[in-house]
Amino acid sequence: MKRFLLLLVALTAVVGCNPFDDSDPEIPPSPVYRYSFAVSIKDAAGNDLVAPIGSDQWKPAGDDSQWMGEINPERYTFEIKTSNPDEWIKRTYSATMGYTPYFLMAFSKSDNCYWLYCDSFIMRRFGLQNPLIYRIASPIIFGDNTEHDISTNWEEDPEFPFVNGDVSTYVQPVQCTKALFDGKELPVRKIKYTNAGEYYYVYVIDIVLE
């Protein structure tokens, strides 16, 4: 099945033996696991703490002006930690899609709030990333520069089986089974989206700051 995502964030890197890096043009595309994850953040009164940065979305100059929704990198820091190999992937901006990890800000009509949304594509040969850790800091959202970790666990989704030799299955969505925010486990919601007859799931956690 063809996998199509309107809000696509390809997480890759260009150094070392990295599970995001599959850029060698001489090698056929490797099967990848796709980790679709989103976070809503509100205060105890229900105010959307992600919304204030909505008016400050970064629009790069020139031909890259189509990069709508990316958060101004001066407003936050973001890293991803894979479990195999054990390394942190730091967020650095690049105008070339596929060579920079970052959170995309997206408005959820179903939740009536903004999400920090992330789609990770990690080569299948490295196995499922358990845990896959997202580290984020933002004084606008959290009130200071403290780093916060979201640790997630994943497993294969039987709705999207991998078939060796069938390239239409080489992007294999996986499902989030557990998420912890700063060590506290939070419920994980599974939301289905459809587009042009295709569908995908986003796994969402809702963070409430006291």
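The values are calculated or read from the model by the stated rules, or taken from the named source; none is laboratory data. Note that the structure is a prediction, hence the values are computed from the model and not measured. Because the Cβ atoms are built from the backbone with ideal geometry, glycine has one as well, and the counts that use them run over all protein chains shown.
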Problem set entry | All positions within region 146-169 that are touching a helix residue (DSSP H, G or I) at 6+ places or on another chain (Cβ under 8 Å) and in contact (Cβ under 8 Å) with a residue 60 or more places away in the chain | Phe160, Phe162
Seminar exercise, completed: The condition from (1) at pLDDT 75 or above; (2) more than 25 Å from Lys190 (Cβ to Cβ) that Phe121 misses is numbered (2)
Exercise. How many residues does region 127-146 hold that are assigned to a loop (DSSP other than H, G, I, E, B) and under 14 Å from Thr177 (Cα atoms)?
Worked result: 4
For this session: Please find, within region 176-190, the residue that is surrounded by the most Cβ atoms within 10 Å (Cβ to Cβ) out of those that are farther than 19 Å from Tyr33 by Cβ and among the hydrophobic types (A, V, I, L, M, F, W, C).
Result: Phe181
For this session: Return yes or no: is Tyr93 touching a helix residue (DSSP H, G or I) at 6+ places or on another chain (Cβ under 6 Å) and either modelled with pLDDT under 85 or closer than 14 Å to Ser36 by Cβ (or both)?
Result: yes
For this session: Show the residue pairs that are 6+ apart or on different chains and have beta-carbon atoms under 8 Å apart, the first residue being within region 191-210 and under 19 Å from Thr169 (Cβ atoms), the second being small (Gly, Ala, Ser).
Result: Tyr200/Ser36; Tyr201/Ser36
